[in-house]
Amino acid sequence: QVQLVESGGGLVQAGESLKLSCVVSGRASGAMGWFRQPPGKDREFVAAITWSGGTTFYADSVKGRFTISRDNAKSTVYLQMNSLEREDTAVYYCAADLNYSGGLYWPTDYDYWGQGTQVTVTG
């Protein structure tokens, strides 16, 4: 069984930064992704990273502002979010794709999900 626990969300002003963490207990393999769900909208891809090699992928809306990284020793994935905008307000979820084979952009590509952490950007 794999469990994912996110932390690091909060309330910030536009232009500020936040760093989200996702700790993986159990099997850590394949790839990890971050998704977000703005109020009243569908869940959308934000970023992903492979455990082996650390290849990264980003949504166009966050490219250049967000950075995904991982610490294999700690089985933890991070999402550094800089220059936050009001449009970044959402519940952020981390997800695990244990048998990564190329698909990373859709929620159905992932096997396990965290409980989510709220990020609210004001101003």
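The values are calculated or read from the model by the stated rules, or taken from the named source; none is laboratory data. Quantities reported herein were computed from a predicted structural model and do not represent experimental measurements. No Cβ is skipped: glycine too gets one built from the backbone with ideal geometry, and neighbour counts run over all protein chains shown. Areas reflect the complete protein model, heavy atoms only, side chains present, ligands, DNA and RNA absent. Shrake-Rupley method; radii C 1.70, N 1.55, O 1.52, S 1.80 Å.
Here are some notes:
- A crude spin-label estimate for the pair GLN37 and GLN80, with each label 7 Å from Cα along the Cβ direction, gives 2.9 nm.
- Here the accessible area of the chain is 46 percent carbon and sulfur, with a 1.4 angstrom probe and all protein chains present.
- Within the shell defined by Cβ-Cβ distances under 12 Å, the residues around GLY9 carry a net charge of 0, with Lys and Arg each +1 and Asp and Glu each -1.
- 1.4 Å probe accessible area per residue over the chain, in Å²: 49
- Excluding the site residues themselves, the longest part of the chain lacking any GluC sites (Glu not before Pro) in a DSSP loop with at most 16 other Cβ atoms within 10 Å is 17-84.
- For the range 17-91, diffusion coefficient by Stokes-Einstein and Kirkwood Rh (Cα), 20 °C, 1.002 mPa s, µm²/s: 167
- Taking a straight Cα-Cα cut-off under 20 Å and skipping sequence neighbours fewer than 8 places away in the same chain, the lysines within cross-link reach of LYS63 are LYS19.
- Extending 7 Å from Cα along the Cβ direction at THR108 and again at ASP71 yields two label points whose distance is 3.6 nm.
- Added length on full extension, which subtracts the Cα-Cα distance from 0.36 nm per residue, SER29 to SER52: 7.5 nm
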